Amino acid sequence: HSVFLHHAITESGMDVGIVNAKEMIGFDELEPDMLTLCDNLVFNKTPDATDDMLERTAYERACIEAKKKGQPPPRKPRGKMPKRPKVQFAYDSIPPKPAAEPPLPSSEAAQNHVPNPYVNSKLTHEKIAAIRAKATVKDVNVDYSQPSDIYPESFPHFARGRDSLREYITSLFTSQLAIYDGAMGTMIQNYSKRNKLEEEEYRGEKFKEWGCPVKGNNDMLSITQPQIIQGIYREYLEVGGSNMIGTNTFSSTTIAMADYEMEDYAYELNYQGARLAREVCDEVTAKDPTKPRFVVGAIGPTNRTGSISPSVEDPSARNVTFDELVDTYFE
């Protein structure tokens, strides 16, 4: 009634009416959601206006009954979300610029699109040197640059050390569909259904006398059964047609390898997993240089979390610290 009278008087010139002023709620006293319901009903603005008002009426009556019985009021009907104009900010008036490439890191090399030299032996940071010094594999090749004349210079060809990977990936993603694959666990399980892959095969010769069970440690197959991992990589590239493949290193961190007492082998596991992928990608690329294949390092989340307590009795307890996670990911 209040809403009807308000519009009738202020908009349509009504000047006489009989009302029960004692029972009527003032227009300015109506709750915003109730005002919307009344407005929709009076002007028949929505198909559900009557049903929405009946639902609200039932709620109001339930509130009266609850008050009489000394009970808490029932839950208020949520209703429909009101449509409001979008709030405009200063940056909304800035004309959009087409993105020519992904956001650039802050380093000078990235900003200037300097190609990665792929000469990792020149990385002499003290933390890198310390990790290499304690590694279980020594005197390995970590340099993977290619001769600048190995392939033609224009896209879609690519040569490591000559071309900017960022520029190439940008051109690839903006000109054609690119495929990334590399679910190693799934493929290893499929392999084990067709071939023998038990504790003995996981151990190989190198870990024949290892002190704990290692079956299920898929990453160690890069060391003990490299031909299996190479075969899976090759399937992703030749059968699946992948442009990029992930390495068999999802669990190759000191934290995850603790389950198998193989923390000291984290560097070797990562190296061998990446090396095998690099060699197979180069092999397949050589067959068709117009479709270069790339290696993407896979780093899993470890089997511990720094945000949830392992103990229901102590919510503050953690089985790994943030710094420990930083160290294991750095390695």
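When we screen 320, 284, 295 for residues that are closer than 16 Å to residue 252 by Cβ and modelled with pLDDT of 90 or more, the only hit is 295. Number of residues in region 122-147 that are β-branched (Val, Ile, Thr) and open to solvent by 50 Å² or more (accessible area, probe 1.4 Å): the value is 2. Within region 301-331, the residues that satisfy the criterion of being under 20 Å from residue 247 (Cβ atoms), assigned to a loop (DSSP other than H, G, I, E, B) and of a type outside the set (S, T, N, Q) are 301, 331.
Answer yes if at least one residue in region 196-207 is free of Cβ contacts under 8 Å to residues at least 12 places away in the same chain and surrounded by fewer than 13 Cβ atoms within 10 Å (Cβ to Cβ), and no otherwise. Yes, the conditions are met somewhere in region 196-207.
The set of residues in region 251-268 that are hydrophobic (A, V, I, L, M, F, W, C) and surrounded by 20 or more Cβ atoms within 10 Å (Cβ to Cβ) comprises 255, 256, 257, 262, 266.
Does residue 160 qualify as being out of contact with any Pro (no Cβ under 7 Å at 6 or more places or on another chain), within 19 Å of residue 118 (Cα to Cα) and crowded, with 17+ Cβ neighbours inside 10 Å? Answer is yes for this residue.
Taking the residues in region 41-86 that are open to solvent by 90 Å² or more (accessible area, probe 1.4 Å) and of a type in the set (A, V, I, L, M) as candidates, determine which candidate is farthest from residue 174 (Cα to Cα). Per the stated criteria, the residue is 64. For region 239-263, the tally of residues that are out of contact with any helix residue (DSSP H, G or I) (no Cβ under 6 Å at 6 or more places or on another chain) and in contact (Cβ under 8 Å) with a residue 24 or more places away in the chain stands at 11. Listed by first and then second residue, the pairs linking a residue in region 217-233 that is closer than 11 Å to residue 269 by Cα and open to solvent by 10 Å² or more (accessible area, probe 1.4 Å) to a residue that is of a type in the set (D, E, K, R) and not in a helix (DSSP H, G or I), with Cβ atoms under 9 Å apart and 6 or more places separating them unless they lie on different chains, are 223/206; 224/205; 224/206. With the structure loaded, tell me whether residue 117 is in contact with an Asp or Glu (Cβ under 9 Å, 6 or more places away or on another chain) and open to solvent by less than 100 Å² (accessible area, probe 1.4 Å) or whether it fails that test. Yes; evaluated as a whole, the condition is true for this residue.
Taking the conditions (1) open to solvent by less than 90 Å² (accessible area, probe 1.4 Å); (2) under 30 Å from residue 163 (Cβ atoms) in turn, residue 26 satisfies each one other than (2). Report whether or not residue 298 is in contact (Cβ under 8 Å) with a residue 24 or more places away in the chain, in contact with a strand residue (DSSP E or B) (Cβ under 7 Å, 6 or more places away or on another chain), surrounded by 15 or more Cβ atoms within 10 Å (Cβ to Cβ) and in a loop (DSSP other than H, G, I, E, B). When the stated conditions are applied, residue 298 passes them.
Counted as qualifying within region 1-115 are the helices (runs of 4 or more DSSP H) with 2 or more residues that are of a type in the set (Asp, Glu) and touching a residue at least 24 places away in the same chain (Cβ under 8 Å), namely 32-42.
Among the residues of region 163-194, the one identified as open to solvent by 70 Å² or more (accessible area, probe 1.4 Å), aromatic (Phe, Trp, Tyr) and touching a residue at least 40 places away in the same chain (Cβ under 8 Å) is 180. Counting only helices (runs of 4 or more DSSP H) that sit completely within region 151-257, those holding 1 or more residues that are under 19 Å from residue 300 (Cβ atoms) and under 25 Å from the mean Cα position of the chain (by Cα) correspond to 184-194, 226-234, 254-257.
So which residues in region 133-150 are of a type in the set (Lys, Arg) and either in contact with a Leu (Cβ under 9 Å, 6 or more places away or on another chain) or in a loop (DSSP other than H, G, I, E, B) (or both)? Within region 133-150, just 138 meets the criteria.
The values are calculated or read from the model by the stated rules, or taken from the named source; none is laboratory data. Predicted model only: the values in this text are computed from it and were never measured. Quick reminder, even Gly has a Cβ in these numbers, built from the backbone with ideal geometry, and neighbours come from all protein chains shown. Remember, those area values only see protein heavy atoms, side chains included, never the ligands or the DNA or RNA. Shrake-Rupley method; radii C 1.70, N 1.55, O 1.52, S 1.80 Å.
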